[in-house]
Amino acid sequence: MPGILTALVAVPLIGAAGVALLPAGRVRAVRAVGLVTTLAALALAAWVWARFAPGTSGLEFEERAAWVPAVGIAYHLGLDGLSVSLVALTAFLFPLALAAAAGQVRDRVKAFVVTALLLEAGLLGTFMAQDLVLFYVFWEAMLVPMYFLIALWGGAGRAGAAIKFFLYTMAGSILMLVAIVAVYLGSAAGGGAPTFDLPSLLREPLGVAPGVQAVLFAAFAVAFAIKMPVWPLHTWLPDAYAEAPPVVTVLLASLMAKAGAYGLLRFCLPLFPEASRAFGPLLSALAVVGILYGGAVAWAQGDMRRLLAYGSMSHMGFILLGIFAFDVPAVQGSLIQMVNHGVSTGALFLLAGYLLERTGRARTDAYGGVAATAPALAAAALIVVLSSLALPGTNGFIGEFLILVGTFQARPAAAVPATLGTVAAAAYLLAFVGRVFHGPLRDDLRALPDLRAREYAVLVPLILVIFWVGLYPQPLLVRSEATVTAVLRRVAAAHGPAPRAAPAVGSRAGGGERTP
Amino acid sequence: MRAAILIPLFPLAGWVVNGLLGDRWGRRAVAWVACGTVVAAFAVSLAVLARLLALPPGARSAAVVLYEWIGTGSVRAPLGLLVDPLSVALALVVSGVGALIHIYSVGYMAGDEHIARYFAYLNLFMASMLWLVLAGNLVAMFIGWEGVGLCSYLLIAFWFTRPPAAAAGVKAFLVTRLGDVGFLLGIFLAFAVFGTTDFTAMARAAGSRLPLGGPAATALALLLFLGATGKSAQLPLYVWLPDAMEGPTPVSALIHAATMVTAGVYMIVRMHAVYLRAPLALDVVAIVGAATAIFAAAAALAEPDLKRVLAYSTISQLGYMFLGVGVGAWSDGIFHLTSHAFFKALLFLAAGAVMHALGGETDMRRMGGLAGRLPATAGAFAVGALALAGIWPFAGFFSKEAILSDAFRAGRVWLWAVALAAAGLTALYIARAFALVFVLPPGEGSAGPAGCREGDAPRAAGHRGLAPGAEVADPPPVMRWPMGALALLTLLGGALGWSAARPGVLARWLGPLLAPGALRSSEGTHGSEAALAAAGLAVAVAGIVLVWLVYVRRALRVRSQAVQTVLAHRFYVEDFYAAAVVAPVRAVARWAGGFDRAVIDGAVVGLARAIGGGGAVLRRLQSGYLRHYAALALVGVLALLAYWMWR
């Protein structure tokens, strides 16, 4: 019987079908159906998030059905501590993005809403799939709509940006596909039937040579690293972020980047523990380079969205750093920072979109003194900037603090330069505030309108989450703690063959070992 | 003791209310909310003080845990308060001086149309600062630590349409954040060493976990001190504070003189158990303090801007506090913190009254002879100046003498000598400022081409300066009364630390907390004490007399062009930073931006091109077929799957 997770994927698909049936001219109806659909998905996701029982490392709300039994492909969905909050984040951001899109996307609205809903289904499925093939299908189902969103609704340079996005994406996808097949073949080494089922794969060590494991790890990691992105695989990012319509950039930065980080935690660490440990120092080093490099380049950008794009990349470096510290607080910090980055960076790009919508100006130096004419917009921007530069009391601090304090115990040599990244973040973000909102008010901006009711409706929920997570992050932390602990125990214990645990009824092994 | 949480909560509520609704209310309502919440915080602090006094001295410490804030794995940081003599003393100073400055602000900012935003920020500052002093662990303290920094940024850049104000705000934030990297690393190290950052737990475990003089203790102490040098504007991170004078003057009085900048001193006293395990770090603290004291005092000598003189003076006086705690004189550090809060706030408020009368003028070369026209202001400034110079019986005399004698008795004779010389310079620069502003005839200081001026000051009817015939008068009562109160505190504040038999009231109040091994050598006869005090007093008087001879009587001419130039450029420190730090970082960032496009992107695209078959594929993709390819990707995946299935 299809359960609530299937419903969660199905709702956007049904909504997309419903929108497709509407006449293209009825723009208001199209938007309304899109918004209602995403709100329905949000309601489901909120229910799931609230009902999720913390304290277990295994899968909850699990659904499994045979798909292609001949080769061990199953339709297998489930949530654990790694994914439950990311699903909620996805469902939370889509209605806000669609609401914001109303002011920014005016061409081919129907096609836009349909594509966005398909993207939502792909993202939700990506976070819930427990079968490698199913994951891959959702992964592609998320990338294809994103390609169209950039290529069809983007700015003047959209063609080049979309091509670059496409090439990077295909490169990663092909590598991952090959690796998935190799894992499938390797899973039969123990004598059993080969399988794509993740919990089954994790029940015993993969039967591949260490060298092969390293190659497979690298193939998965590159695919995920491109999405985050990790330095030096990031050069699609400034173009895509700056050329996509602002609301699409929100989805790119807030959600798609998280799919990359999530993939590392979901697949790379549990499937290839030895290789993860071997590559850990390298990835930590790349993370530090990304943090500082992204921060420095962001500071030198004159284009508002390129500044925020490199800043986003710098912040994703913290998430990568935390993951490969292999330390509970650090990985917990990375997970909560995925949510925070989604909220804060999403809000930053939304605000950039509001500015672009008002003036059409991409460069920061074309602004000046906006706080004098749009104080509420400036106040909202300030709050979001502060959360992004990790001011204590906002969500950003919780994530970066946990990442850094955990990394400091595990890899102090990486934590110290990474901490300097907090200064870099302050430098480019306050430069953004300074150039746009402070300084003498330009005469041609005197009529710039302040936030409208619709924009308040989008920003206020984001700001509430910023303070909620900043002041009371425990609901997020307790949901992921058991799973994170299990994953890390797996990474740490993978010296010899992992102990064979008798499969429990209903198989509650998620991203790692089950807890008793 | 749970009531203590109300101390920061009252101003926080003021921030929320004024921030959300202030623009719709009248100015009067805004002012009442803002001042009322701070006065309420002061009242609660008094009540908590009374509760503590009722307890026996050994039991005057209570931890109040609100809830678990961050807790995962081994990292636990509750949101909690530590109510003890030290935090309550600081809460009283902060909320008391803060309340007076809030009231003064009602008059000072009366003409500003953004008064709601001003008071919202000011209330948020009070909440952050009170949280900082009351917090029960380092992570919780960091909320307040960064919160005051944020408010400092917001209030320095309050007149944000003026580029210098906006730039000064950013500079303050970035420089202090550089120091905060040290603070953060200190927190991480504390977690590694203690497994907690709870102040009481750390103090209890310091003896066992930190070997005396070991690397862990030294590193922890120095990292936290790096945070203190940023927030408290010590060498080498002091450079933001003079620029911070772009903010409204009451802000300078509250944040950049009386409260926030002293947070570093408070933090060291709070962490004194750790510092006692790191004698080397304590020596660094003392040396940096003494060096900053004399450096900033010298820099104040040639400064033409009244507010910036006071800013350098604050840096210098903070140096004294660090010298004090650096030789282990915890309670004397807090004593000087307190008396400095009184007299420096008074000086700033008096300077603000001068600016208020002159339409925002801050250039002393455009002032002069104001004593007769602003008698109350001149009197207030004189009280503050005498205290700063260290003249008996003002508070500054007692607190500064205490630190000087502590340094001497701790065997740091060199540091004592440096601090004594700095005391002479202190008397010199503040007497010079007083002479230029109030005594000498106008125009004496040979006005430069461009004056210095505060704010866009809509309250002022233009840049008046000292135009003849202009209406120049003492400020209204709402500004005069807080100045009077601070003058009274400056007169009486010495009683906090000095009594016939040392230790004084404050030292005895803080005693149970700080006693163990606090002072290295408290040996000293009353005779030597008196001799030390006499030396300090003599230097101060000499400084004032010198100013009188040079500026008033013109009996002496001290003119060395080289010294003048060096002083006018503040020893070229800022020029050095601009050339050696800011410019290279900027160049690297710009270079990285180009590198990113040319090299990394070029390499990746080139690789793709090579793999993709010499660009033929790319050309076709670019001609509009790409969307088909993208759609085909999904189809291709499914086709592959089908192949494996039927293989």
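For the stretch A:35-157, the relative contact order works out to 25 percent when only alpha carbon pairs closer than 8 Å and six or more residues apart are counted.
Multiplying each eigenvalue of the alpha-carbon gyration tensor of the stretch B:315-363 by 5 and taking the square root yields semi-axes of 31, 10, 4 Å, largest first, rounded to whole angstroms. Working from label points 7 Å from Cα in the Cα-to-Cβ sense, the residue A:274 to residue A:185 distance is 1.9 nm. Cβ-Cβ distance of residue B:43 and residue B:201, R₀ of 35 Å, FRET efficiency by 1/(1 + (r/R0)^6): the value works out to about 0.65. Assuming charge only on the beta carbon of Lys and Arg (+1) and of Asp and Glu (-1), the dipole of the protein assembly as shown about its Cα centre is about 760 debye to the nearest 20. Taking 0.36 nm per residue of separation and subtracting the current Cα-Cα distance, fully stretching the chain between residue B:212 and residue B:586 would add 130.4 nm. The calculated P(r) of chain B, using every Cα pair and 20 Å bins from 0, goes 19, 49, 22, 8, 2, 0 in percent.
Computed over the stretch A:373-496, the alpha-carbon pair-distance distribution with 10 angstrom bins reads 11, 29, 30, 17, 9, 3, 1, 0, each value a whole percent. Taking 0.36 nm per residue of separation and subtracting the current Cα-Cα distance, fully stretching the chain between residue A:365 and residue A:152 would add 73.9 nm.
FRET efficiency for the residue A:50 to residue B:553 pair, using the beta carbon distance and R₀ = 56 Å, is estimated at 0.10. Measuring r between the beta carbons of residue B:65 and residue B:283 and using R0 = 51 Å, the FRET efficiency lands at 0.90.
Amide H to amide H, with H built 1.01 Å from N, residue B:66 comes under 5 Å of B:79, B:80, B:81, counting only residues 5 or more places away or on other chains. At a probe radius of 1.4 angstrom, the accessible area of chain A per residue rounds to 29 square angstrom. In chain B, helical runs assigned H by DSSP with n ≥ 4 each contribute -39500 (n - 2.57); averaged across all residues and rounded to the nearest 500, the mean residue ellipticity at 222 nm is -21500 deg cm²/dmol.
Per residue of A:167-176, other chain Cβ atoms within 10 Å of the residue Cβ number 3 on average.
For residue A:227, the lysines whose Cα comes closer than 30 Å to its Cα, not counting residues fewer than 8 places off in the same chain, are A:110, A:164, A:258. Considering all different alpha carbon pairs of the protein assembly as shown, the Kirkwood hydrodynamic radius works out to 31.5 Å.
Each chain gives up part of its surface: B and A jointly bury about 5900 Å² of accessible area, both sides summed, for a 1.4 Å probe.
Shielding value for A:292-299 is 5, the average number of Cβ atoms from other chains within 10 Å of each residue's Cβ.
The residue list A:153, A:121, A:206 was ranked by how far each Cα lies along the charge dipole of chain A toward its positive end, using unit charges on Cβ atoms, and A:153 comes out on top. Over chain A, dividing the summed -39,500 (n - 2.57) contributions of all DSSP H runs of at least 4 residues by the number of residues returns a 222 nm mean residue ellipticity of -23000 deg cm²/dmol. Here the stretch B:61-89 is scanned for amide nitrogen atoms under 20 Å from the site 7 Å beyond the Cα of residue B:505 along Cα-to-Cβ, giving B:84-89. A full extension of the chain between residue A:443 and residue A:416 corresponds to an added length of 5.2 nm, given 0.36 nm per residue minus the alpha carbon distance. In the stretch A:121-174, the portion of solvent-accessible area held by carbon and sulfur atoms comes to 77 percent [1.4 Å probe, whole percent, DNA, RNA and ligands not counted]. The equivalent ellipsoid that matches the C-alpha gyration tensor of the stretch B:227-301 spans semi-axes of 24, 15, 8 angstrom, in descending order. From the largest down, the stretch B:61-100 spans 44, 20, 13 angstrom on the principal axes of its Cα atoms. When only Cα pairs below 8 angstrom with a gap of at least 6 residues are kept, chain B shows a relative contact order of 12 percent. Taking all Cα pairs closer than 8 Å and separated by 6 or more residues, the relative contact order of the stretch A:4-506 comes to 16 percent. Restricting attention to chain B, the count of lysine pairs at 8 or more positions apart or across chains with alpha carbons under 18 Å apart stands at 5. Each peptide in A:70-81, B:245-256, A:345-356, A:194-205 receives the mean, over its residues, of other Cβ atoms within 10 Å, and ordering these scores from highest gives B:245-256, A:345-356, A:70-81, A:194-205. Take each residue of peptide B:151-163, count the partner chain Cβ atoms within 10 Å of its Cβ, and average: the result is 3. Reported value for the stretch A:1-48: 50 Å³ per residue, from the convex hull of its C-alpha atoms. Of the chymotrypsin sites (Phe, Trp or Tyr not before Pro) found in the stretch A:207-294, not one falls in a DSSP loop while having at most 13 other beta-carbon atoms within 10 Å. Taking Cβ atoms as reference points and 10 Å as the exclusive limit, the residues near residue A:98 contribute a net charge of 0, counting Lys and Arg as +1 and Asp and Glu as -1.
Around residue B:544, with a cut-off of 13 angstrom between Cβ atoms, what is the net charge of the other residues, counting Lys and Arg +1 and Asp and Glu -1? Residues close to residue B:544 contribute a combined charge of +2. Computed over the alpha carbons of the stretch A:4-506, Rg followed by Dmax gives 21.8, 76 Å.
The values are calculated or read from the model by the stated rules, or taken from the named source; none is laboratory data. Computed from a prediction, not measured in an experiment: that's the story for all the values here. Counting neighbours? That spans all protein chains shown, and the Cβs are built from the backbone with ideal geometry, glycine included. The area values use the complete protein model at the heavy-atom level, side chains included, leaving out ligands, DNA and RNA. Shrake-Rupley method; radii C 1.70, N 1.55, O 1.52, S 1.80 Å.
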